[in-house]
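Contents: one structure, followed by commentary.
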Amino acid sequence: MQNLAVGIDKMDFYAPGYFVDMANLAQARGVDPKKFNEGIGQDQMAVPPITQDIVTMGANAADFLTEEDKAAIDMVLVGTESGIDQSKSSAVYIHHLLGIQPFARSVELKEACYSATAALHLGLDYVRTHPERKVLVVASDIARYGLETSGEATQGAGAVAILLAANPRLALVDPDSAFMTEDVMDFWRPNYTDKAMVDGKLSLRQYTHVLEQVWDKYQAETGLTLDDFEAVCFHLPYTKMGLKGLRRLMKGASDEKKDSLRTYFEASEQYSRRIGNVYTGSLYLSLISLLDQAEGLKAGDRIGMYSYGSGSVGEFFSLILADDFQAGQDKAAHEAFLDQREEISVDRYEALFNDVLPTDGSELTLTAEHPSETYYVQGIADHQRHYAKR
Ligand code: HMG
């Protein structure tokens with residue numbers, strides 16, 4: 001059991017203050033709203049203003065850190081595929097904005113939506129050998145496919161911040177894990193564009209293929225079966241994709257087990273339905289949603305976690321809910337946070353989508369407009385982004 005005594009101590013998310021209703025987007029695109037609401041499984045899509053990037057969203061998500069946490073953090077690991085710089089890590093900016101003690105490592109990791117899971121395991125390995133110290137993992141992304149593209153309904157933006165520690169309050173992370181890499185061109189983003197390129201149908205097949213591979217390997221190596229899991233969380237590029245994954249895992253399960261897993265899945269998809277794809281943070285947003293929204297979970301329950309990043313890397317691992325896991329979550333605050341966002345029209349969403357920072361060295365000064373933007377992009381000058389806290 002000593003191996004299991006590290007995990008997630010605290011966790012929270014941030015999403016931009018603006019969203020578009022998927023039924024309105026469907027109407028504007030001449031699509032049956034049921035396609036987006038049921039076929040894709042999304043109700044709202046977060047829209048980031050120009051004042052929010054992966055740094056500010058990550059810092060906003062990690063705003064829960066206490067001074068004691070900041071003094072104990074030895075590593076800031078940011079998983080992202082929406083990097084703002086080819087050289088300087090977003091983790092360095094986040095480290096500075098949050099005021100984390102200076103003798104820390106700050107690094108950015110990349111492999112599509114998977115990299116936060118790599119960061120989680122790297123961070124836990126560090127905590128296992130330094131049990132008095134902590135690691136901050138931030139998953140922060142803006143999912144951009146482009147206006148009027150087939151991927152448009154699967155966009156979103158947001159961040160999840162996870163504090164790793166020994167004897168964690170929320171969940172222990174089981175070191176047993178099954179992972180794989182397979183070089184596939186299902187989704188990618190060359191350096192010269194800020195919009196993802198995707199072979200949509202191939203991406204669905206690859207997500208499912210990798211899930212089957214790592215799930216089989218996990219079961220063979222651990223001896224665990226679906227009956228050992230109370231719930232399973234999925235990477236949710238859109239919620240219907242996770243449901244398709246769950247259906248694969250449930251093949252052959254009893255009706256009672258299927259009903260129970262479906263109920264937990266519905267709890268885990270609530271926040272993603274209202275935010276959209278947050279790429280690296282998506283799996284962890286579904287975990288927060290599960291812990292907030294599910295009824296009947298108890299300490300000691302095992303939660304399956306399927307992480308998938310296009311390209312592709314996937315992993316299946318599990319968490320054990322800690323004794324105090326309920327005290328660590330705040331359903332009312334999370335729901336209030338989502339409710340205080342402002343609904344915008346499709347025209348405004350399109351304007352925000354096209355409103356980007358200058359790339360020619362010219363200056364722009366910005367002020368945060370939405371109250372949720374504790375940290376925001378204050379402007380750009382000489383090709384340098386400037387950040388502020390209000
Ligand atoms: P599409 O071609 O617009 O949609 O693209 P479709 O025709 O396949 O329809 C989607 C679903 O809506 C289908 O359901 C339809 O039947 C249903 P399904 O058969 O799949 O169960 N539908 C309706 N339902 C009710 N009423 C209606 C109706 N009409 C249709 N009237 C696609 C969809 C997801 C391919 C596209 O949006 C896309 O390319 N998105 C981006 C890629 C993506 O999200 N892939 C997911 C797996 S890869 C992954 O997860 C990694 C990723 O996060 C990136 C990373 O790792 O960094 C993306």
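The values are calculated or read from the model by the stated rules, or taken from the named source; none is laboratory data. All values reported here derive from a predicted model rather than from experimental measurement. Here the Cβ positions follow ideal geometry from the backbone for every residue, glycine too, while neighbour counts run over all protein chains shown.
Among the conditions (1) away from the ligand (no atom under 16 Å from the Cβ); (2) charged (D, E, K, R); (3) within 25 Å of Gly200 (Cβ to Cβ), the only one that Lys331 does not satisfy is (3). Taking the conditions (1) aliphatic (A, V, I, L, M); (2) farther than 17 Å from Thr280 by Cα; (3) within 15 Å of the ligand (Cβ to nearest atom) in turn, Ala143 satisfies each one other than (2).
Is it true that Arg205 is under 30 Å from Gly296 (Cα atoms), within 14 Å of the ligand (Cβ to nearest atom) and more than 20 Å from the chain's Cα centre (by Cα)? Taking the combined requirement at face value, the residue does not satisfy it. Looking across the stretch 296-322, the residues that are assigned to a loop (DSSP other than H, G, I, E, B), at pLDDT 95 or above and more than 16 Å from the ligand (Cβ to nearest atom) come down to Leu297, Lys298, Ala299, Gly300, Asp301, Ala322. May I ask you to verify whether Ser286 is surrounded by 14 or more Cβ atoms within 10 Å (Cβ to Cβ), within 16 Å of the ligand (Cβ to nearest atom) and not assigned by the TED database to the domain that holds Val138? Criteria met by Ser286. Just name the residue that is nearest to the ligand (Cβ to nearest atom) out of those in the stretch 14-37 that are hydrophobic (A, V, I, L, M, F, W, C) and outside any helix (DSSP H, G or I). Filtering first and then ranking leaves Val31.
Return the residues of the stretch 82-101 that are in contact with a helix residue (DSSP H, G or I) (Cβ under 8 Å, 6 or more places away or on another chain), within 28 Å of Gln340 (Cα to Cα) and crowded, with 16+ Cβ neighbours inside 10 Å; say none if nothing qualifies.
We begin by selecting, within the stretch 82-101, every residue in contact with a helix residue (DSSP H, G or I) (Cβ under 8 Å, 6 or more places away or on another chain); these are 82-84, 90, 93-94, 97-101.
When the remaining residues are screened for being within 28 Å of Gln340 (Cα to Cα), the result is 82-84, 90, 93-94, 97-99.
Ser82, Gly83, Ile84, Ser90, Tyr93, Ile94, Leu97, Leu98 - these are the residues of the stretch 82-101 that are in contact with a helix residue (DSSP H, G or I) (Cβ under 8 Å, 6 or more places away or on another chain), within 28 Å of Gln340 (Cα to Cα) and crowded, with 16+ Cβ neighbours inside 10 Å.
For the stretch 160-188, a residue qualifies if it is crowded, with 17+ Cβ neighbours inside 10 Å, within 14 Å of the ligand (Cβ to nearest atom) and not in a strand (DSSP E or B), and the qualifying residues are Val184, Asp186.
Would you confirm whether any residue within the stretch 335-352 is under 22 Å from Lys10 (Cβ atoms) and either over 21 Å from the mean Cα position of the chain (by Cα) or not in a helix (DSSP H, G or I) (or both)? Within the stretch 335-352, one or more residues are under 22 Å from Lys10 (Cβ atoms) and either over 21 Å from the mean Cα position of the chain (by Cα) or not in a helix (DSSP H, G or I) (or both).
Could we say that Ala157 is within 30 Å of Thr225 (Cβ to Cβ) and assigned to a strand (DSSP E or B) here? Step through it out loud before you land on a result.
Details: within 30 Å of Thr225 (Cβ to Cβ): no; assigned to a strand (DSSP E or B): yes.
Answer is no for this residue.
Of the helices (runs of 4 or more DSSP H) lying entirely inside the stretch 38-125, those containing at least 3 residues that are farther than 30 Å from Asp347 by Cα and not assigned by the TED database to the domain that holds Glu269 span 67-72, 90-98. Please work out which residue is farthest from Gly379 (Cα to Cα), limiting yourself to the stretch 66-81 and to residues that are of a type outside the set (A, V, I, L, M) and either buried (at least 21 other Cβ atoms within 10 Å of the Cβ) or modelled with pLDDT under 95 (or both). Taking the candidates together, the pick is Gly79.
Screening the stretch 227-242 for residues that are more than 15 Å from the ligand (Cβ to nearest atom) and under 18 Å from Gly314 (Cβ atoms) and picking the one that is surrounded by the fewest Cβ atoms within 10 Å (Cβ to Cβ) gives Phe229.
Highlighted here are the helices (runs of 4 or more DSSP H) found entirely within the stretch 227-295 that include at least 1 residues which are among the aromatic types (Phe, Trp, Tyr): 255-268, 270-275, 282-293.
Residues in the stretch 312-337 that are more than 30 Å from Lys217 (Cα to Cα) and of a type in the set (D, E, K, R): Asp324, Asp330, Lys331, Glu335. Looking for whichever is at pLDDT below 95 and in contact with a Lys or Arg (Cβ under 8 Å, 6 or more places away or on another chain) here; the options are Phe325, Phe353. Which one fits? The conditions single out Phe325.
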